[in-house]
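Working notes for the structure below.
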Protein chains: 2
Amino acid sequence: MNKLAVVAFGGNALLRSGQKGTISEQEANVFETCSHLVDLIRSGYDIVIGHGNGPQVGNVLLQHEGGEKVFGVPKMPIDIAVAETQGSIGYMIEQQLRNVLYKADLERDIITIVTQVLVDKDDPAFKNPTKPIGPYYTLEEANKIALENGSVFKEDPRGRGWRKVVASPRPVRINNRKSIEKLARDGQIVVAVGGGGIPVYYRDSQKLEGIDAVIDKDLASSMLASQIRADEFYILTDISKVFINFNTPEQIALDRITVKEAKQLLSDGQFTEGSMAPKIRAAIEFVENGGKRCIITQAEDLGKPNAGTRIVLN
Amino acid sequence: MNKLAVVAFGGNALLRSGQKGTISEQEANVFETCSHLVDLIRSGYDIVIGHGNGPQVGNVLLQHEGGEKVFGVPKMPIDIAVAETQGSIGYMIEQQLRNVLYKADLERDIITIVTQVLVDKDDPAFKNPTKPIGPYYTLEEANKIALENGSVFKEDPRGRGWRKVVASPRPVRINNRKSIEKLARDGQIVVAVGGGGIPVYYRDSQKLEGIDAVIDKDLASSMLASQIRADEFYILTDISKVFINFNTPEQIALDRITVKEAKQLLSDGQFTEGSMAPKIRAAIEFVENGGKRCIITQAEDLGKPNAGTRIVLN
């Protein structure tokens, strides 16, 4: 049986810092990121691709806001916005990867799944929403929306206004995981669980509903990787390796760390929250759930010997 | 082997006339439409669902416009807008169908595929774009955009301004059709080819790219139904049967017509362009390509004996 790898694309797979996010920028970025998968594909890996959607879902929420202001189009909730980005980003990845495969003379089919991810309404994250999302409002506007639908707002530390904050609950179950595994094992490259998945829950234990939340995309990809029994889990980011004492004269690149070491470094505060820390946690979970190794690296290094930082059990 | 049916949801599966398109309206409509699939599912059919996206893609294009005007978010092209609606509408259908199945105590999994559909750049439709889409502009604004990117605009007959018109080319190939067939044959209910599919073509015979176009959703569902060798093709609309002499004192509901009769009625001008005519053409193509029967009816009548109008070979 081929090795099965889940590859989580980072934000810069689609958008580089300083870019506005035009379609041609995003397509060029995606093409380049996908081109680095060729070595893995040539080595015969079965592959599932997860991806983030931070800047894109932010833009979609601004578009919802602008559409309502200018044309009176009813705004849609966050779960719908995430679904929209799964459509658009999934499409871009599939299309550019098809172009990459054509150029590399590789014949593999690609399929993109709109993925719902179940979360628990009683997840403590819902008591303390922290993830800022969407447009900035004046205090008055924010209060009005909060009264209307119970949204929670926090003031932006850089003074740009008030912004809705949503919970980032743990993923509980990835829908379609068995189909994703079967399709990947059948040789298809599967794009799934985009943006961490569309967050849904069971209201009154029976009615499936969307919920205002954002699921961490590395955690969701990690859970998917475990559930489909992937051998390897790649987390792509914008640096070649994980560092300790990052951005100090003592910074050291890590080649290989055990789960135990990773946990120690986490509790030592070596990794930034909202950046490397969630990736390390996602890596730990994958390995603790039976995965062979998680590799955190940049797309350019995929397929190179000794690429990135490996997180392993022992 | 179970019977395999492709069911093309009509526009009113999601949005009823007079509604604004809020999320709760759309969810309630989708739930109701999906509830009428229960009889087919209980009878053991394998099912693929196609759907339109007319009002939704219109709203997304207004949101793109509003997002740029108010927040400077770069506008996205039509293929991306279609992809976004495949995400959002596919998600809504999958979610509400899951709720329907739960209530009916039926265990079937559902999977939603982001579907690209290949069109031919030399399709004559591109020489004469006719499908109005997106916001209304003043003549001045329209001329400016036309100069920027070559878009074609036409004046709205009701005087609301100038509107972009795009081609409605024939679908040439449905991506992922083999996976869609396999998943459906494996018992999954598959949602695919939403909005007629994301229109793509090969630039210089090698680079896959999106293109400004809208593919007729019934024609795309018909082609998918033929390519996956579906036994039956259901086109859901807002009337119980196809009528001749429609809206006259002599109107007659049709129970069953042959392909030959359908062609004759088409050339007699019995069916309105942009409404029933494309459905009849999609039905004819399905039957001519080997499908057993196409049934045009309303969702409420699914599973009823003698429901709708059957288009058959002889």
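The values are calculated or read from the model by the stated rules, or taken from the named source; none is laboratory data. On a predicted model such as this, the values are computed, not experimentally measured, just so you know. Heads up, the Cβs are rebuilt from the backbone with ideal geometry, glycines too, and the neighbour counts pull from every protein chain shown. Side chains included, ligands, DNA and RNA excluded: accessible areas come from the protein's heavy atoms. Shrake-Rupley method; radii C 1.70, N 1.55, O 1.52, S 1.80 Å.
Tabulated data for the structure shown
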{"read-out": "Per-region count, the stretch B:217-252, residues of a type in the set (Val, Ile, Thr) and farther than 15 Å from residue B:283 by Cα", "value": "5"}
{"read-out": "Set A:194, A:210: member being within 14 Å of chain B (Cβ to nearest Cβ) and in contact with a Pro (Cβ under 9 Å, 6 or more places away or on another chain)", "value": "A:210"}
{"read-out": "Within the stretch A:32-103, helices (runs of 4 or more DSSP H) holding 3 or more residues that are farther than 30 Å from residue B:71 by Cβ and at the interface with chain B (Cβ under 7 Å from one of its Cβ atoms)", "value": "A:78-103"}
{"read-out": "Those residues of the stretch B:246-269 which are within 30 Å of residue B:38 (Cβ to Cβ) and crowded, with 19+ Cβ neighbours inside 10 Å, in sequence order", "value": "B:257, B:262"}
{"read-out": "Test result for residue A:272, open to solvent by 60 Å² or more (accessible area, probe 1.4 Å) and among the hydroxyl-bearing types (Ser, Thr, Tyr)", "value": "yes"}
{"read-out": "In the stretch A:147-161, residue nearest to residue A:40 (Cα to Cα) [restricted to those that are open to solvent by 80 Å² or more (accessible area, probe 1.4 Å) and not basic (Lys, Arg)]", "value": "A:157"}
{"read-out": "Selected residue (criterion: nearest to residue B:105 (Cα to Cα)) from residues of the stretch B:17-57 that are open to solvent by less than 50 Å² (accessible area, probe 1.4 Å), of a type in the set (Ser, Thr, Tyr) and more than 17 Å from the chain's Cα centre (by Cα)", "value": "B:35"}
{"read-out": "Only one of A:129, A:124 that is out of contact with any helix residue (DSSP H, G or I) (no Cβ under 9 Å at 6 or more places or on another chain) and buried (at least 18 other Cβ atoms within 10 Å of the Cβ)", "value": "A:129"}
{"read-out": "All strands (runs of 3 or more DSSP E) inside the stretch B:229-314 with 3 or more residues being in contact (Cβ under 8 Å) with a residue 12 or more places away in the chain and not hydroxyl-bearing (Ser, Thr, Tyr)", "value": "B:232-237, B:293-298, B:309-312"}
{"read-out": "Residue A:1 surrounded by fewer than 24 Cβ atoms within 10 Å (Cβ to Cβ) and either hydrophobic (A, V, I, L, M, F, W, C) or at pLDDT 95 or above (or both)", "value": "yes"}
{"read-out": "Flag for residue B:303 being of a type in the set (Gly, Ala, Ser), within 25 Å of residue B:32 (Cβ to Cβ) and surrounded by 22 or more Cβ atoms within 10 Å (Cβ to Cβ)", "value": "no"}
{"read-out": "Qualifying residue in the stretch B:110-126 (condition: under 23 Å from residue B:14 (Cα atoms), modelled with pLDDT under 95 and more than 10 Å from chain A (Cβ to nearest Cβ))", "value": "no"}
{"read-out": "Residue that is most open to solvent (accessible area, probe 1.4 Å), among those in the stretch A:162-213 that are closer than 10 Å to residue A:118 by Cβ and hydroxyl-bearing (Ser, Thr, Tyr)", "value": "A:202"}
{"read-out": "Residue A:154 vs. criteria over 30 Å from residue B:28 (Cβ atoms) and within 17 Å of the chain's Cα centre (by Cα)", "value": "no"}
{"read-out": "Of residues in the stretch B:7-16 being open to solvent by 10 Å² or more (accessible area, probe 1.4 Å) and in a loop (DSSP other than H, G, I, E, B), the one farthest from the other protein chains (Cβ to nearest Cβ)", "value": "B:16"}
{"read-out": "Test: residue in the stretch A:103-119 that is open to solvent by 60 Å² or more (accessible area, probe 1.4 Å) and in contact with a strand residue (DSSP E or B) (Cβ under 8 Å, 6 or more places away or on another chain)", "value": "no"}
{"read-out": "Test for residue B:218: is it open to solvent by 60 Å² or more (accessible area, probe 1.4 Å) and within 21 Å of the chain's Cα centre (by Cα)", "value": "no"}
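The rows are residues; the columns are (1) closer than 28 Å to residue A:295 by Cβ; (2) in contact (Cβ under 8 Å) with a residue 24 or more places away in the chain; (3) not aromatic (Phe, Trp, Tyr).
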{"position": "A:10", "(1), (2), (3)": "yes, yes, yes"}
{"position": "A:13", "(1), (2), (3)": "yes, yes, yes"}
{"position": "A:17", "(1), (2), (3)": "yes, no, yes"}
{"position": "A:24", "(1), (2), (3)": "no, no, yes"}
{"position": "A:84", "(1), (2), (3)": "no, yes, yes"}
{"position": "A:96", "(1), (2), (3)": "yes, yes, yes"}
